[in-house]
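These notes are about the structure you will find just below.
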Amino acid sequence: MPMPTQPTPMPLPRDFTDHGSCVEDLARAFAAQDAATSEALIETLATQAIRQWRLDDATFWQRVKFQARMIRAQMGSSGKY
């Protein structure tokens, strides 16, 4: 079990056929992490998808990144989400 100060491991989806349902969950997990680290990981995942011509997956990761930024912005203005 992770220590309270350690980031919670993010469960990455195995099947991207249903992109809509897990965007919010993943975005919340990424938003709870360090912004630079989580954005770098999302960029890596999107880049890998593009290199393998999995454009739906790349679009999914871009949606996760955008949603995580929105959540992070809300957390900054209200203190928590």
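The values are calculated or read from the model by the stated rules, or taken from the named source; none is laboratory data. What you see is a predicted model; the values in this text were computed from it and never measured. Every residue, glycine as well, gets a Cβ built from its backbone with ideal geometry; the counts of neighbours run over all protein chains shown. Keep in mind that these areas ignore ligands, DNA and RNA; they rest on the heavy atoms of the full protein, side chains included. Shrake-Rupley method; radii C 1.70, N 1.55, O 1.52, S 1.80 Å.
For segment 33-55, what are the residues that are closer than 19 Å to MET70 by Cα and among the charged types (D, E, K, R)?
ASP34, GLU39, GLU43
Scan segment 32-66 for residues that are open to solvent by 70 Å² or more (accessible area, probe 1.4 Å) and not in a helix (DSSP H, G or I) and report the count.
5
Would you be able to tell me the number of residues in segment 28-51 that are β-branched (Val, Ile, Thr), under 11 Å from the mean Cα position of the chain (by Cα) and under 15 Å from ARG63 (Cβ atoms)?
So the count comes out to 1.
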